[in-house]
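Worksheet for the structure shown next.
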Amino acid sequence: MRNLAFDFTEQTVIVTGGARGIGLELGRFFVRFGADVYLMDCDKDEVGKAAANTGARPIHADVSNTVDIDAVVEQIITETGTGRRRRQQRRYPPRQGAVEAHRR
């Protein structure tokens, strides 16, 4: 079995449900391996405590509210300055024939 090496340096990670449980543990994992982590949760006090204990940043938001999510994404893009660039890098050219199929 090989040893796995994780490196999330210069990556931004948003973890929903980050105040406790699996979300909190995922946040710890990504912080441990160099990511800039935002723990998001609807429980403001708990997410603040969790972020302070992990080295992540707290975000108070309700994932069922699209206005909250849009505001969170804009906040993180502003703070990190990388979100728009990364989104553009992830755009892939359409598969061959996709454009023609769409025109039919």
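Just a few scattered comments:
- Residue tally, condition under 13 Å from G55 (Cα atoms), assigned to a helix (DSSP H, G or I) and touching a strand residue (DSSP E or B) at 6+ places or on another chain (Cβ under 7 Å), over segment 28-44: 2
- Entry remark, segment 1-31: residues being over 11 Å from the mean Cα position of the chain (by Cα), of a type in the set (A, V, I, L, M, F, W, C) and buried (at least 18 other Cβ atoms within 10 Å of the Cβ) number 3 in total.
- Screening A35 with (1) surrounded by fewer than 20 Cβ atoms within 10 Å (Cβ to Cβ); (2) in contact (Cβ under 8 Å) with a residue 24 or more places away in the chain; (3) not polar (S, T, N, Q) gives one miss only, at (1).
- Residue list for segment 39-62, restricted to those being within 24 Å of L4 (Cβ to Cβ) and either in contact with a Leu (Cβ under 8 Å, 6 or more places away or on another chain) or crowded, with 16+ Cβ neighbours inside 10 Å (or both): L39, T54, A56
- Qualifying residue in segment 77-92 (condition: modelled with pLDDT under 95, over 16 Å from the mean Cα position of the chain (by Cα) and on the phi > 0 side of the Ramachandran plot): no
- Pair list, Cβ < 7 Å and 6+ apart or interchain, from segment 15-27 residues that are in a helix (DSSP H, G or I) to residues that are among the hydroxyl-bearing types (S, T, Y): G23/T16; G27/T54
The values are calculated or read from the model by the stated rules, or taken from the named source; none is laboratory data. This structure is a prediction, so every number in the text was calculated from the model and none was measured. When we count neighbours, we look across all protein chains shown, and the Cβ atoms used for this are built from the backbone with ideal geometry, even at glycine.
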